[in-house]
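The values are calculated or read from the model by the stated rules, or taken from the named source; none is laboratory data. Everything numeric here is computed off the predicted structure, so don't read it as measured data. When we count neighbours, we look across all protein chains shown, and the Cβ atoms used for this are built from the backbone with ideal geometry, even at glycine. Side chains are part of the model used for accessible areas, which takes the heavy atoms of the whole protein and leaves out ligands, DNA and RNA. Shrake-Rupley method; radii C 1.70, N 1.55, O 1.52, S 1.80 Å.
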Amino acid sequence: MPDAVIVSARRTPIGTAFKGTLRDTDAFDLAEHTVAAVVEDLGSAPVDDVILGEGLYGGGVIARHAAITAGLVDVPGLAVNRHCAAGLAAVQTAAGSIRAGMDTVILAGGVNSASTSPKSRFRVGEEWIEPWMSPTHPNQPDAPNKDMSITVGWNSAVAAGISRTEMDEWALRSHRNAIAAIDAGRFDEEIVPIKTVHGLFSVDEHPRRETSLEKLASLKPLHPEIEGFSITAGNASGANDAAAVLAIASDELGLPALATVRSWASVGVDPAQTGLSPVTAIPKALKRAGLSLSDVDLFEINEAFAANCVACVKLLDIDPEIVNVSGSGCSLGHPVAASGARMLTTLVYELRRRGGGIGVASMCAGGGIGSATVVEVHG
């Protein structure tokens, strides 16, 4: 059985939705730009497929659109949707096909343009609901499907006993880690600058250099009517735009590899426990690789909210110093369908800087989904 190796990993800078530099760059352009960059990295290596996570973008297949615009007219395309974990799912699907011997090179990742996402409407009897968003799960009193600040953030905080101070401290750490990574040029290898109508965009713009614990503590909770509610805009992820694409290839091709995809796993939990789903997904993925938590050198656990990330770190007894060392959702932002691929990209390059090791990228996703991918960088 061939191994699935990562031979290229690229992403756009992450924009702040609606007011950032990518606000007038649609998902098709983001995907085209990133896919084209990976194709250039591959040189003459043939591509079998393009698989991109996408969400809330009208139901087309952006991957096929990107394949054509990147000159891969004879390459099909596949759209996948696992909500926040869509980018991870794309890479997992590609790795599975490679390991099964069905394909030899697949471009996989995700694209998200919250700024330009089309609006939907839905008919109920003779009435139309507009705007309308497809629910991620049946509505529950303890897990409203349209309010992740409760379903993911607050429920995680309550379940794991996470205080407002702990959340704000984690969010501040996230911003500081992201700014430190930007200043040190640690994202330079992975980012492909993109021309926009607002100028050349080359640096993630969502992290806040001037934020402080005092500023975060001053923000009002999103639901003051709920006693003790401690989720704020400051300890939540942003709304963001970006694309990230990785080339997954068979090791039998002999292409220079950045990393090997060792294993992956996805799980379902009660929607009210969505934020804690990585607690189940991470050990499951590690077990499939014959590994344990103690074998992991770096984790990327998406900060949909600081609460869910802190809760997972606490419940799995992970050393916080090896989690999100370059920031995550609270700082870099959460370009939903692209986040999983962005996390894997950042994880691989950081492991390479450190001389190799085992890395895990994991996240919760709407509706009670958890997913994790294990990669290894050889020193």
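Points worth noting:
- Each stretch of four or more DSSP H residues adds -39500 (n - 2.57); spread over every residue of the chain, this sum gives -9000 deg cm²/dmol at 222 nm.
- The stretch between N139 and L293, if pulled fully straight at 0.36 nm per residue, gains 52.0 nm over its current Cα-Cα span.
- Per-residue ³J(HN,Hα) for segment 345-359, Karplus 6.51 cos²θ - 1.76 cosθ + 1.60, θ = phi - 60°, Hz, x for Gly and Pro: 4, 4, 4, 5, 5, 5, 4, 5, 4, 8, x, x, x, 9, x
- The chain: C-alpha pair distances exceeding 36 Å, %: 16 percent
- A 1.4 Å probe, protein heavy atoms only, puts the accessible area of Y349 near 20 Å².
- Heavy-atom accessible surface of the chain: percent carbon and sulfur, 1.4 Å: 52 percent
- Our coupling estimate for segment 248-255, obtained by passing each phi through the Karplus curve with A = 6.51, B = -1.76, C = 1.60 and θ = phi - 60°, is 9, 10, 6, 5, 5, 6, x, 6 Hz, Gly and Pro reported as x.
- Rolling a 1.4 Å probe across the protein heavy atoms gives segment 302-379 an accessible surface of 22 Å² per residue.
- Within the listed set R262, R176, R288, the Gaussian network model of the chain (springs between alpha-carbon atoms below 10 Å) gives the highest mean-square fluctuation for R288.
- Between segment 316-344 and segment 184-240, the Cα center-to-center distance that results, in Å: 13 Å
- Solvent-accessible ranking of W154, W132, W170, largest area first, probe 1.4 Å: W132, W154, W170
- Summarising the amide proton neighbourhood of G53: residues at separation of 5 or more, or on other chains, whose placed amide H is nearer than 5 Å comprise V80, A90, G109, G110, V111.
- Considering only V75, V348, V279, the mean-square fluctuation computed in a Gaussian network model of the chain, springs between alpha carbons under 10 angstrom, is largest for V75.
- Beta bridge orientation in the chain: antiparallel %, DSSP, nearest 5: 75 percent
- Ordered by solvent-accessible area of protein heavy atoms (1.4 Å probe), largest first, the residues F28, F18, F229 come out as F18, F28, F229.
- Largest accessible area first, the listed residues W128, W264 line up as W128, W264 when surface is computed with a 1.4 Å probe on the assembled protein chains.
- Accessible area per residue was computed with a 1.4 Å probe on protein heavy atoms; M148 scores about 50 Å².
- Estimated vicinal HN-Hα couplings, Hz - segment 73-83 in sequence order (Karplus 6.51, -1.76, 1.60; Gly, Pro = x): 5, 8, 9, x, x, 9, 9, 10, 9, 10, 6
- Cβ-derived FRET efficiency at R0 22 Å, E321 paired with E214, nearest 0.05: 0.35
- For K215, the lysines whose Cα comes closer than 26 Å to its Cα, not counting residues fewer than 8 places off in the same chain, are K19, K314.
- Taking the Cα centre of the chain as origin and assigning +1 to Lys and Arg Cβ atoms and -1 to Asp and Glu Cβ atoms, the resulting dipole is close to 260 debye.
- Environment charge of D297, counting only residues whose C-beta is closer than 15 Å and scoring Lys/Arg +1, Asp/Glu -1: -2
- Percent of Cα pairs in segment 190-324 per distance bin of 10 Å, from zero to the largest separation: 9, 27, 33, 24, 7, 1.
- Rounded accessible area of I68 (nearest 10 Å², 1.4 Å probe): 80 Å²
- Average accessible surface area per residue within segment 67-212, 1.4 Å rolling probe, Å²: 49 Å²
- Estimated at 0.36 nm per residue, the fully extended path between R354 and L253 surpasses their Cα-Cα distance by 33.7 nm.
- Residue with peak Gaussian network fluctuation, the chain [Cα springs, cutoff 10 Å], from G153, G96, G340: G96
- Put simply, the amide H of S263, placed in the peptide plane, has neighbours under 5 Å in V374, leaving out anything fewer than 5 places away on its chain.
- Under 5 Å from the amide H of D3 lie the amide H atoms of D251, E252, each residue being 5 or more positions distant or on a separate chain, with H modelled from the backbone and absent for Pro and chain starts.
- Sites D270 and D3, calculated FRET efficiency, Cβ-Cβ separation with R0 35 Å, nearest 0.05: 0.50
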